[in-house]
Amino acid sequence: MYRDLFPPELRREYRRFSKHVHTLQIVSDEPWIPWELIKPYDDEAGQERIDHDFLCMQFELARWACPAPSSAAAEIAVDALACIVPSDSGLVEAQRERDDLTALVAALGLTQHVPAPADLAAVETLLRGSVPIQLWHFACHGDVHDTSPGKSPLYLANGTQLVPDDLVGRAQTHLKSDRPLVFLNACRVGSGGLSITGLGGWANVLVGACGVGAVIAPLWSVNDELAYEFARVFYDDLRTQPGCTIGQAVRRARRHARDAAPHNATWLAYTLYAHPNARVRLTAAPQPIA
């Protein structure tokens, strides 16, 4: 893929900049290209051989969709969480994920919305409401609809589904206003494709139509336990590492998942749509003085 996707001019530029930078943002209208899986190798005659790790480990790697209504957020200040985890999904580790995350935000004094049941009606109520929410976390089953990416489902409670095409009207306006971090810890929902009106899929709708601040989602099926570990380390880094960027937190979570199960590709599956140097502040909003 390195030879196919990096023409000679870009390979020469990569040889130069790879020695000096630690973050990389790819702005593209082709969400199906697995940039994270590119492993640079170059044995050009007369040059030092390039034999690097995957791009997502060589750099704090992020993407951004093009076109998009706004650039990636420089900072996301979180004082409210929506945690959407269906209790009937059969995903044991997803329930731990919910419990750990809600305990974390409670300890920090953040507002949280954890609907039960976590079904479509509950999610639509939050999406179409007026209460600011700067962090949306989903832990559930998901899939990609190859021929109609706008129909790619997140499977919610009671057999209900949320699809990208649902993010219209008041839901779209709400997301544009809050510019949240959206973490879709669900199989395959980071993928996208062409629809009748252009690019489709979760990441492209969230970034390109709804203007959110950042999106994390896997490109293919992920292991339940490793998905939990990825999310746990990601949020723990944001909480405990002063000045930690979203790119650093994602790369550390990848490294943790790879060390835990090096032959399982879950650590490679996650894609980040963001500015890699953006900071996510987990902090309660200041209370008005009486």
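The values are calculated or read from the model by the stated rules, or taken from the named source; none is laboratory data. The shown structure was predicted, so the numbers you read here are calculated from the model rather than taken from an experiment. Positions of Cβ are generated from backbone atoms using ideal geometry, with glycine treated the same way; all protein chains shown enter the neighbour counts.
Structure summary
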| read-out | value |
| --- | --- |
| Scope region 14-25; condition closer than 17 Å to L61 by Cα and loosely packed, with under 15 Cβ neighbours inside 10 Å; matching residues | F17, K19, H20, V21, H22 |
| Residue tally, condition touching a helix residue (DSSP H, G or I) at 6+ places or on another chain (Cβ under 6 Å) and of a type in the set (S, T, Y), over region 236-270 | 1 |
| So R188, is it among the charged types (D, E, K, R) and at pLDDT 95 or above | no |
| Residue check for D79: surrounded by 12 or more Cβ atoms within 10 Å (Cβ to Cβ), in contact with a Pro (Cβ under 8 Å, 6 or more places away or on another chain) and under 19 Å from A217 (Cβ atoms) | no |
| Yes/no for A65 being in contact with a Gly (Cβ under 7 Å, 6 or more places away or on another chain) and among the hydrophobic types (A, V, I, L, M, F, W, C) | yes |
